[in-house]
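The values are calculated or read from the model by the stated rules, or taken from the named source; none is laboratory data. Small disclaimer: the values here were computed from a predicted structure and weren't measured. Here Cβ is always computed from backbone atoms with ideal geometry, including for glycine, and neighbour counts include all displayed protein chains. All accessible areas refer to the heavy atoms of the entire protein, side chains included, with ligands and DNA or RNA removed. Shrake-Rupley method; radii C 1.70, N 1.55, O 1.52, S 1.80 Å.
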Amino acid sequence: MAGLATEAGSVPVDEPREPLRERVRDIGFWADWAAAIGLLAIVLVFGIASPSFLTLGNIEAMLVSAAILVVLAVGQAFVISTSGIDLSIASVMTFGAVVLGLLYAAGWPILFACAGGVLAAAAAGAVNGLLVAKGRVPDFVVTLGMFSAASGAALILSDGQPTDVVDPALLTLASGSVGPIGYSVIVAAVVAVLGHIVLFRTRFGVHVLATGGNAEGARAMGVRIGRVRLVVYLISGVLAGLAAILLVSRLGAAEPAINTTYLLNAIAAVVLGGVSLRGGRGSIAGPVLGALLLTALTNGLTLLGISQFYQPLAVGIVVVLAALLMRYQR
Amino acid sequence: MTGPTSPISQDVLLGVEQLSKSFGNVRALRDISLWLPRGQITALVGDNGAGKSTLVRVLSGVHQPDHGRVTFAGQPVRFADPQAARLAGIETVHQNLALVDELTVWQNLFLNRELVRRLGPFAVLDRGAMQVKAREMLARLSVNVPPVRAKVQRLSGGQRQAVAIARAAGWGSKLVIMDEPTAALGVQETARVEELIAGLRAEGMTILLISHNFEQVLRLADRVWVLRSGALAGGRLTTETTGEELVGLVTGAIAG
């Protein structure tokens, strides 16, 4: 050993990346890009099968209907990156929507009503986070409990009745657009970009991945893993609240209905996006592509006139196939 | 107590005086007094359950002693947590290495010490600067250098150990504690890690080496302390002892 060898000449150069042709032969390459390749395949299949699938109008409609799922999937991606899971995300969205609707019905200005809905959802997320991080209750149990509690609270508060929210600002959010891109799509895109920056360009993001990858190791290095866990559930709650605004604007009403499909699809989108349920391996682009894939799949089946009953079956098959492929992830 | 004669105080980086630690009725450490000379490799040996891990945990701030004194760089110290020990300049390479497999080498080197750039109210990671500095930290090792952008899960056992040691030695630390650094390694990788440890000593680092391997202790260390059933069984200069004598001290066949 030659002591302090820090001259530029001794700095090792990283190996060059393998050429693309080599990488394509490796099944790990396909696993890493599963969501993108799946989306491309679905676009090709439905594009050929249905002439209206790839029209501008249908693409716009698909993006708008994917917006809520994208926002939820970004929240879920943060939680799953820490090797947690948020089973309450869709019912917290419902809870936020009901609070929004009731505040609006009580005469609050729409901006305050929306803020109230987001705060209510954020509070539910904070309770999840506190119980997981400080109470040391398993995430599965905590968020399953919150799934039930938030749905129940939404039913109690609303007495099981939908509340109409007919407001020009929310209507614009649902139907307005910049060129062909709807406002709700822009909201989802901003959430995705911010999520990506936070996960990969901040200290907090590295600590999220470290907590998911090796919680004990991260703790030994002084990472405050309890705080990290608390914050990811809080992020999930805030994004569920934001999704609630999009949901209410789209329906024109706050409904206390349980949105189980959103929960399952949010988790499916994250898994399709290559985020390991064991934590440590995070992505935002992947879950966003996963959400687009699931929306395109549902949309394509509808365009082909296939019964709605087949949609959950198709989603299930796609998710399980993707999970099989993930085993080969590098 | 037999052993090396007590040194002049300025040559001692870390001193332990009559340290005791109990867990319930179990007396894990009993009246331990020893010292680590500055710039040398000191080994700590003993059978399983002899108290090596407990002593390491006290020195690295995981546990607090019940009685006794620890002095570091001439000052009495009491570490409330591992972060406090780290701030004082004591880094520990745990047996499980505390590396995150899914992160890259540079991300692990900078874990919880990330460099950021200010962009208005926001702080974003300075990835470029961290990668450059990571290469410098690893180049110091000069053997077995892993690529900084590789994920840790792609590295060999020896390379992982090298990353963990580089991280411990790379932050202006004064003392690096290594818990069984070669326990999980093959012959070649063990030789490379030993070369790395000897290189750190040549740079003037003080090292506390916990090892089961007496040949390794005699090869690498300057001094060795032997623990038996939570008490100090003896201390020797490695030039003045043999593997047989160390075995005797560990098992109790030779009274301390």
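Worth pointing out:
- For the stretch B:101-178, the convex hull drawn through the C-alpha positions has a volume of 99 cubic angstrom per residue.
- Against the rule of thumb 2.2 N^0.38 Å, how large the Cα Rg of the stretch A:198-330 comes out: 1.23
- Percent of alpha-carbon pairs separated by more than 30 Å within chain B: 29
- Whole-number percent relative contact order across the stretch A:155-297, with pairs defined as alpha carbons under 8 Å at least 6 apart: 30
- Using C-alpha pairs under 8 Å with a sequence gap of at least 6, the mean separation divided by the residue count of the stretch B:1-128 gives a relative contact order of 20 percent.
- Hydrodynamic radius (Kirkwood) for chain A, which is based on Cα pairs only, to one decimal in Å: 20.9
- The protein assembly as shown: radius of gyration and largest Cα-Cα distance (Dmax), Å: 29.2, 91
- Heavy-atom accessible area per residue - the stretch B:110-221, 1.4 Å, Å²: 41
- List A:Tyr183, A:Tyr104, ordered by accessible area with a 1.4 Å probe, largest first: A:Tyr183, A:Tyr104
- Residues B:His63, A:His207, B:His212 ordered from highest to lowest accessible area at a 1.4 Å probe: B:His212, B:His63, A:His207.
- Both chains summed, the buried accessible area for B and A stands near 2800 Å², from protein heavy atoms and a 1.4 Å probe.
- Cα-Cα separations in the stretch A:168-226 greater than 19 Å, expressed as whole percent: 52
- Only Lys, Arg (+1) and Asp, Glu (-1) charged, at Cβ; the protein assembly as shown dipole about Cα centre in debye: 600
- Per atom type, chain B shows carbon and sulfur on 49% of its accessible surface, probed at 1.4 Å.
- Taking the 1.4 Å solvent-accessible surface of the stretch A:178-330 as the whole, the part contributed by carbon and sulfur is 68%.
- Over the C-alpha trace of the stretch A:80-196, radius of gyration and Dmax come out as 16.1, 49 angstrom.
- Counting only alpha carbon atoms, the long axis of helix A:225-251 and the longest principal axis of chain A meet at about 40°.
- Each stretch of four or more DSSP H residues adds -39500 (n - 2.57); spread over every residue of chain A, this sum gives -23500 deg cm²/dmol at 222 nm.
- Average Cα contact separation per residue, the stretch B:162-256, under 8 Å, 6 or more apart, as relative contact order %: 21
- Projecting the Cα positions of A:Asn214, B:Gly128, A:Ala169 onto the charge dipole of the protein assembly as shown (unit charges on Cβ atoms of Lys, Arg, Asp and Glu, taken about the Cα centre) puts B:Gly128 furthest along the positive direction.
- Solvent-accessible surface, computed for protein heavy atoms with a probe of 1.4 Å, shrinks by 10 Å² or more for the following residues of the stretch B:202-251 when the other protein chains are added to the isolated chain: B:Glu203.
- Point-charge dipole on Cβ atoms (K/R +1, D/E -1) for the stretch B:47-111, about Cα centre, debye to 20: 320
- Annotation: per residue accessible area for the stretch A:188-330 equals 41 Å², rounded to a whole number [probe 1.4 Å, protein chains only].
- Over the C-alpha atoms of the stretch B:41-192, the Rg to Rh ratio, Rh being the Kirkwood estimate, stands at 1.00.
- When the helices of chain B are scored as -39500 (n - 2.57) per DSSP H run of n ≥ 4 and the total is divided over every residue, the value at 222 nm lands at -9000 deg cm²/dmol.
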